[in-house]
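The block underneath contains the structure these notes are about, expressed in structure tokens.
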Amino acid sequence: MRTVVAFEQRGTRTLVKLAVCPVTIPDLGKLKYTTLPAVPDDRPPSLADYGEALRALLAKHRPVARGLDNAFAQKIGTASPLYFHMVSTPADAVPWEQLHNGERFCALDGRWPIGRIARIEQDVEPRGFVPPLRIVAVLSAAERDGLTQLAGLVRAATTLDARELGVHLHVISAQKELLEAARAAEREEAYLRADGQTDRPVITVQALPGNEQDLSSCITAARPHILHLLGHGGIRANEPVFSLLTKADYAAQKAGEPVGMGSLVLPAQSLVRILKPCAPWLVVLSGCQTAAAVETRALAHELVSLGIPAAVGMRRKVVLSVADRFCRALYPAVVSLVLAAVHDGEMPVIDWASALTPPRLALAGADPERADAWTDPVLYVQHNPFRVFPTSSRKVELTGYLRFWLEYRDNLPDTTDPRVMDYVETRIVQTRELISEDSP
């Protein structure tokens, strides 16, 4: 069970509390003013010293100290994820992923994976799951070749766990060479399935559209459980955005014209508008500073605050080789985590923080003090744990249909024609009845 430390804001001051703990702790939920540490511009002289200073700061609040001590007492082979609830924007800028317990970096030990809980709490209903696990990868970044990430995703779709679970990888890109490689992989897997290897993944390929509306249609039609986006993070009009390169951008780039970060620029609200209809479980933003909370709230943070269950971004600027290694190590862990959840019970929890430990270890190498790229990935989730349940494909569709009508009703203005409201309420009642009939 997770341990949650929460940061709140009162004017210019920050307060901290122990919000959730697996054991009874006196003064759980009691707020105390705290002084946030300086946020290093690049990296501190010693990551371990900085990480121990973070723990010392947290330990000044007795309930928080006892909650962390309980987590740190976990034996090898068990997990007690550490989450930080970021109601305070200044606290969100601190690299808590570097937390060190005096013996090791917590985020590099499977017992203490680290994640963040988004500022705005929204309930996430359990999601029905019918294999295959659908991974949609949009790989289209300026001056960044997506071929290595494509190879990592194809590799993740062909692991033993993936073949047991079942995976459908859908690739969307405007990069000509990448589309050719993806179609070659599509033909190869289709040939192997036709040859009797029925546990091979399904790979499908699609060219990236040039506008937001068509991209939304593409992603919605693919119905991703997991969405991977390779592009560029940035700030526009004090709002975090994500940019993708279109086919027209690639043609202009080839002709020597400047294309910047790409003409398909998606603010957080636009991304959520694209993603809400297909209800993804997890969104991975493979782009620089998509988890940077210095100038404004991070893009990954905003997605979760606006209703996406979980999102991963990068805290700083990252070189492509780091993003590629992260991708290569992340998705086998994601597939294994989902498979374990499916085997676990009727409505198991999927704790995405655990999936980040393998890629962090891959980025850390033998010397996490020097190779600090492992501190860059940041996970944001909702306050309630994410659950899945095995079900029929019909019930999954009905549940998504119900979610659509509920959100539609909740966004209707007070001046809505009563006849429209009656129609919407009728749809909600009818869909709930159908779900009830479909339940065993």
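The values are calculated or read from the model by the stated rules, or taken from the named source; none is laboratory data. A quick note: this is a predicted structure, and the numbers were derived from the prediction, not measured. In this analysis, Cβ positions are derived from the backbone assuming ideal geometry, glycine residues included, and neighbour counts consider all displayed protein chains.
Any residue that is crowded, with 19+ Cβ neighbours inside 10 Å and within 23 Å of residue 276 (Cβ to Cβ) - is there at least one of those in the stretch 86-93?
Yes, because at least one residue in the stretch 86-93 is crowded, with 19+ Cβ neighbours inside 10 Å and within 23 Å of residue 276 (Cβ to Cβ).
Please identify the pairs in which a residue from the stretch 236-257 that is in contact (Cβ under 8 Å) with a residue 12 or more places away in the chain and closer than 16 Å to residue 146 by Cβ has its Cβ atom under 6 Å from the Cβ atom of a residue that is of a type in the set (Val, Ile, Thr) and surrounded by fewer than 21 Cβ atoms within 10 Å (Cβ to Cβ), counting only partners at least 6 apart or on another chain.
Listed by first residue and then by second, the contacts come to 243/265; 249/259; 253/259.
Inspect all residues belonging to the stretch 351-365 and state whether any of them is touching a strand residue (DSSP E or B) at 6+ places or on another chain (Cβ under 7 Å), outside any strand (DSSP E or B) and at pLDDT below 95.
For the stretch 351-365, residues touching a strand residue (DSSP E or B) at 6+ places or on another chain (Cβ under 7 Å), outside any strand (DSSP E or B) and at pLDDT below 95: absent.
Considering the stretch 366-387 alone, what residues qualify as being of a type in the set (A, V, I, L, M, F, W, C) and modelled with pLDDT of 90 or more?
366, 373, 374, 378, 379, 381, 386
How many residues are in a helix (DSSP H, G or I) and in contact with a Lys or Arg (Cβ under 8 Å, 6 or more places away or on another chain) if we restrict to the stretch 289-322?
3
Given the conditions (1) acidic (Asp, Glu); (2) in a helix (DSSP H, G or I); (3) touching a residue at least 24 places away in the same chain (Cβ under 8 Å), and given that residue 199 satisfies all but one, which numbered condition is not satisfied?
(2)
It is to be established whether one or more residues within the stretch 328-345 are in a loop (DSSP other than H, G, I, E, B) and surrounded by fewer than 21 Cβ atoms within 10 Å (Cβ to Cβ).
Yes: one or more hits.
Restricting the first residue to the stretch 421-436 and requiring it to be over 14 Å from residue 403 (Cα atoms), which pairs with a second residue that is in a helix (DSSP H, G or I) meet a Cβ separation below 9 Å and a spacing of at least six or different chains?
Listed pairs, sorted by first residue: 421/409.
If a residue must be closer than 16 Å to residue 85 by Cβ and not basic (Lys, Arg), how many such residues does the stretch 26-39 contain?
Final tally of qualifying residues: 5.
Would you be able to say whether some residue in the stretch 68-81 is closer than 20 Å to residue 380 by Cβ and of a type outside the set (A, V, I, L, M)?
Yes; the residues of the stretch 68-81 include at least one that is closer than 20 Å to residue 380 by Cβ and of a type outside the set (A, V, I, L, M).
With the requirement that a residue be over 21 Å from the mean Cα position of the chain (by Cα), farther than 15 Å from residue 197 by Cβ and surrounded by fewer than 22 Cβ atoms within 10 Å (Cβ to Cβ), what does the stretch 159-177 give you?
176, 177
Is it fair to say residue 219 is closer than 21 Å to residue 278 by Cα, in contact with a Cys (Cβ under 7 Å, 6 or more places away or on another chain) and buried (at least 21 other Cβ atoms within 10 Å of the Cβ)?
Judged against the criteria, residue 219 is a match.
So which residues in the stretch 399-417 are part of a helix (DSSP H, G or I), charged (D, E, K, R) and surrounded by fewer than 15 Cβ atoms within 10 Å (Cβ to Cβ)?
Passing the criteria: 407, 410.
Can you find a residue that is surrounded by 19 or more Cβ atoms within 10 Å (Cβ to Cβ), without any contact (Cβ under 8 Å) to a residue 40 or more places away in the chain and in the same structural domain as residue 312 (by TED's automatic domain parsing) anywhere in the stretch 138-157?
Checked against the condition, which is being surrounded by 19 or more Cβ atoms within 10 Å (Cβ to Cβ), without any contact (Cβ under 8 Å) to a residue 40 or more places away in the chain and in the same structural domain as residue 312 (by TED's automatic domain parsing), the stretch 138-157 yields at least one hit.
Conditions first: (1) at pLDDT 90 or above; (2) assigned to a helix (DSSP H, G or I). Residue 277 passes all but one, so which condition is the exception?
Checking residue 277 against (1) at pLDDT 90 or above; (2) assigned to a helix (DSSP H, G or I), the one that fails is (1).
Can you tell me how many residues within the stretch 226-254 are surrounded by 23 or more Cβ atoms within 10 Å (Cβ to Cβ) and in a loop (DSSP other than H, G, I, E, B)?
The number of residues fulfilling the criteria is 2.
Checking the conditions here, which among 114, 120 is among the β-branched types (Val, Ile, Thr), surrounded by fewer than 19 Cβ atoms within 10 Å (Cβ to Cβ) and modelled with pLDDT of 90 or more?
Exactly one of 114, 120 is among the β-branched types (Val, Ile, Thr), surrounded by fewer than 19 Cβ atoms within 10 Å (Cβ to Cβ) and modelled with pLDDT of 90 or more, namely 120.
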